[in-house]
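Scroll down for the structure; my scribbles are underneath it.
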Amino acid sequence: MREAIRAEHLSKRYGRLFALDDCDLSIPEGSFTALVGANGAGKSTLLLLLVGLLRPTAGELLVFGRAPHKERTKTMAAIGFVSQDKPLYKSLSVRDTLEMGRRLNSTWDNKLATERLERLGIRLDQQVGRLSGGQQAQVALSLALGKRPALLLLDEPMASLDPLSRQIFLDEVLDVTKEQQMTVMMSSHVIAELARVCDHVVVIRAGQIVACGPVGAAIAAWASQASRDRPQRVSDLEEAVLGYLSMQLPDGK
Amino acid sequence: MTWLLYRLYRRWVMAWLMLAIALAATLLILWAVMARSISSHDVQSCVGMLAREQTTSSIPTCSPGAFATLDSFQTSNAAVLAALEGFPLLLGMFMAAPLMGRELEAGTHRLVWTQSVTPVRWLLMRVACCLGLASGLSALVAVATLPWLSLGTNVWFGSKWPDYDLSFVVVIGYEVFAVVLGLSTATVIGRTVAAMAATGVIWVSVRAAFEILMRPHLMAPVIVKGMTAASAGANWFLGITYLDSTGHVLTPAQVSALVGSGSLDGHGISLAGVVQPDGRFWAFQTMETAVFAGLALGCLLVAYSWVKFRLASQ
């Protein structure tokens, strides 16, 4: 299977602090990858490197064979990105926001973007700033999906949403990504949701990737490393996510 | 990208357009009122007499109405000068800096950059649209200023220098610098209010420093023996200096040492006026505009580097 994302010895340093340190990563096309790690572990840095908004300090990062920071335009045409703070122009209407997507992206699918918002009952003539947090997240997702991206990157997209909105958001992501054979990488702290959707997992701890691969293999790698490390280095979140994921595996391991 | 900027800022553009129209209309009304007053009180003849009488040191013989009109013109001219000198500053502080600062504060630049728009294109489109709008507004105001300037030239003994800062050539330079400065400070600072304050402080400092320290020396001044402020006519009178009998310039210290308590004439020392001739007006305007355009280009390079190497790809 082709690789959607490949990183070799990838490092990113802010001053003296390593946000990512000598990371190797391989994500196959068509996978749904959960990006797991405590706050400050380096998840957002990895996602920003993938969209070319950061430049690696060392190592190589390729998205569909291209370095995002070197070939930004070509790489970004294949990537849909929803960032944690979901920045949208609050003064624009939903229709104008989608029109912006159409004008700025040559591969734009207006039908896809419009119909899914209408299905969710979001009025296109409404001002984005007057929508609820959940509705704004759906508009941001529509903007990302309307590009018909081959890779969808979601940086804690559900952090500020209530449980019902999270459910709706995730169902939408699942429907569209399955239908379009999209590769998805999503960071989230909501354990049950990650377990429900992902088939691959990447665990980042203090800027280092401690496990990466299909859920079962990654959990085994993580468990082996966690037993070697001092317990205090393993975050509660890691333990909770991977414990939950392991319970979801068919053989229960 | 142009469409996006239009949709985002169309109400803002309308507000600025209304402000420029109001300013232009005020200028034209003021000009019409002042022109009528100047004509009805025969101020032209009074100015001519004043010019002759200043050179002969006799007492002016204008009517009280003409003097009142001249006073009124000077007050109005100071107000017009302040308003028009402040217009580029307004554009830089209240149009350019918020245009960039709000985008960076809200993080919406990342939304655009993760579509198929490069950060550099994003920056250049914003600069181009902002400069285009500001130039249109400045042109509108500058055209409305032309009748007022012609009025001023007649009243100021035919000299264009007193209204130097209102001439449309330098106004373009000030406007371009103010707008690019506003955009650049906001790009670097990333905060709207701080960028507005920084733009104001930098713009006023640069303008004042240039006007006081550099403008008089853009070209070497001409020394005219016997010329005084009253006889300078259409030239820009910078001050007086002393010449010895061979025509060499003496410093005040040299003059004190030579003359002591005696008279200047006794030592062959004469007074001379230091002026920039009337014919250099447009050369000065072009040079000053080029300097401000160069400063604007420098600011743009800073903003470009900041976006390319800091904001877009740290």
inquiry  = On a straight-distance basis, which aspartates and glutamates could pair with B:Lys225 in a cross-link, Cα separation under 14 angstrom, same-chain partners fewer than 8 positions away excluded?
reply    = B:Asp244, B:Asp265
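What does the net charge come to around B:Gly190 if you take all other residues with beta carbon closer than 12 Å to its beta carbon, with K and R at +1 and D and E at -1? Please list the in-between numbers first.
Values: positive: B:Arg102, B:Arg191, B:Arg310; negative: B:Glu103, B:Glu105.
After counting each charged neighbour, the total is +1.
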Whichever lysines have a C-alpha closer than 20 Å to that of A:Lys147, once near sequence neighbours (fewer than 8 apart) are set aside = A:Lys74, A:Lys86, A:Lys111, A:Lys178
ask   = What is the Cα coordinate range of region A:119-232 on the first, second and third principal axes, sorted by size from largest, in whole angstrom?
value = 56, 30, 22
ask   = Accessible area drop of at least 30 Å² (1.4 Å probe, protein heavy atoms): which residues of region B:93-120 qualify, relative to the chain alone?
value = B:Thr108, B:Arg110, B:Leu111, B:Trp113, B:Thr114, B:Gln115, B:Ser116, B:Thr118
key: Cα-centre dipole for the protein assembly as shown with unit charges at Cβ (Lys and Arg positive, Asp and Glu negative), debye to 20   = 780
note = Listed by chain and number, the lysines with an alpha carbon less than 17 angstrom from that of A:Lys12, same-chain partners under 8 positions apart left out, are A:Lys43, A:Lys70
request  = State the answer as a single residue: which of B:Leu238, B:Met93, B:Val80 lies farthest towards the positive end of the charge dipole of chain B, with beta carbon charges of +1 for Lys and Arg and -1 for Asp and Glu, about the Cα centre.
outcome  = B:Met93
task = Skip the ligands, DNA and RNA, and give the accessible area per residue of the protein assembly as shown with a 1.4 Å probe, whole Å².
result = 45
remark   = Quick tally, 1.4 Å probe accessible area for B:Glu175, A:Glu99, sorted with the most first, runs A:Glu99, B:Glu175
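Can you pull the semi-axes for the protein assembly as shown, root of five times each eigenvalue of the Cα gyration tensor, sorted largest first, whole Å?
Details: eigenvalues 963, 155, 51 Å².
Sorted largest first and rounded, they come to 69, 28, 16 Å.
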request  = Report the equivalent ellipsoid semi-axes for region B:85-193 in whole Å, largest first, defined as the square roots of five times the eigenvalues of the gyration tensor built from alpha carbon atoms.
outcome  = 36, 12, 9
query = Which of B:Ala32, B:Val179, B:Ser45 sits farthest toward the positive end of the charge dipole of chain B, with +1 on the Cβ of Lys and Arg and -1 on the Cβ of Asp and Glu?
reply = B:Val179
ask   = Does any residue of region A:35-66 lose at least 10 Å² of accessible area with all protein chains in place compared with its chain alone, and if so which ones (probe 1.4 Å)?
value = A:Leu48, A:Leu53, A:Leu54, A:Arg55
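How much of the accessible area of the protein assembly as shown, probe 1.4 Å, is carbon plus sulfur, in whole percent? Working shown, then result.
Working: 15180 of 25360 Å².
In the protein assembly as shown, the share of accessible area belonging to carbon and sulfur is 60 percent.
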note = With Cα coordinates, the longest principal axis of chain B makes an angle with the long axis of helix B:64-90, in degrees rounded to 10, of 30
query = For chain B, modelled as a Gaussian network with Cα springs under 10 Å, which listed residue fluctuates most, B:Val43, B:Val171, B:Val180?
reply = B:Val43
ask   = Against the longest principal axis of chain B, how steep is helix B:192-209, in degrees 0 to 90 to the nearest 10, with axes from Cα atoms?
value = 20
request  = Provide the descending list of Cα extents for chain A along its principal axes, expressed in whole angstroms.
outcome  = 57, 39, 35
key: Assigned charges on the beta-carbon of Lys, Arg, Asp, Glu; region A:102-188 dipole about Cα centre (debye)   = 320
remark   = Cysteines of chain B without any disulfide-compatible partner (other Cys Cβ under 4.7 Å) are B:Cys129, B:Cys130, B:Cys299
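Just to make sure I understand: if all protein chains stay in place, what is the order of A:Lys70, A:Lys86 by accessible area at 1.4 Å, largest first?
The most accessible residue leads, giving A:Lys70, A:Lys86.
How large is the Rg to Rh ratio of region A:72-172 when both quantities use alpha carbon positions and Rh follows Kirkwood? Don't jump to the answer; show the numbers that get you there.
Numbers: Rg = 12.6 Å, Rh = 13.5 Å.
Ratio value, two decimals: 0.93.
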remark   = With all protein chains in place and a 1.4 Å probe, B:His109 shows an accessible area in Å² (nearest 10) of 20
Accessible surface of B:Met287 - all protein chains present, 1.4 Å probe, nearest 10 Å² = 60
query = Averaged across the residues of A:96-102, what count of C-beta atoms belonging to other chains lies within 10 Å of each residue's C-beta?
reply = 3
query = To the nearest 10 degrees, how steeply does helix B:168-189 sit against the main Cα axis of chain B, on a 0 to 90 scale?
reply = 40
ask   = Rounded to the nearest 100 Å², what is the sum over both chains of accessible area buried where B meets A, with a probe of 1.4 Å?
value = 2400
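The values are calculated or read from the model by the stated rules, or taken from the named source; none is laboratory data. Here the structure is a predicted model, which means the values were calculated and not measured. All Cβ positions, even for glycine, are placed from backbone atoms using ideal geometry, and neighbour counts span all protein chains on display. Please note that ligands, DNA and RNA were not included when accessible areas were found on the heavy atoms of the full protein model with its side chains. Shrake-Rupley method; radii C 1.70, N 1.55, O 1.52, S 1.80 Å.
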